[in-house]
Amino acid sequence: EIAGHLHPAAKLSLYGHTLRRACFVGNGHRLVLPAYGALTGGLNVLDTAFAPLFANDGFSVWMLGDEGLYPVPTRRLRED
């Protein structure tokens, strides 16, 4: 299943800095696509809106960067 309505974003702490970017979030059964427009907001992947989608299986996050797509360890994710 592929969806795009939630517009996921990941927030993480890295070397004392906080970074928030659009991301893909999925678990092998579902994939939620990020927003691509500059004016479209992003919903933190830790928001409760994602819980029904990934509650039993967990999820993986791939953050969009300037040079490509980067896997994000879920232990680094932070709430807004």
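Just so you know, all these numbers are worked out from the coordinates, no wet-lab data involved. All values derive from a computational prediction rather than experimental measurement. Don't worry about glycine lacking a Cβ; one is built from the backbone with ideal geometry, like all the others, and counts go over all protein chains shown.
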Checklist entry - For the peptides 54-61, 21-28, 65-72, 40-47, what is the packing order when you average, over each peptide's residues, the other Cβ atoms within 10 Å and list the highest mean first? => result 21-28, 40-47, 54-61, 65-72
Item to check | Spin-label pair L64/I2, simplified geometry with 7 Å Cα→Cβ offset, distance in nm | outcome: 1.5
Item to check | Contour minus Cα-Cα distance for Y15 and H29 (0.36 nm per residue) | outcome: 1.8 nm
Checklist entry - Under the definition of Cα pairs under 8 Å and six or more residues apart, what whole-number percent is the relative contact order of the chain? => result 34
Item to check | For the range 2-76, the spread of Cα positions along each principal axis, largest first, Å | outcome: 31, 28, 21
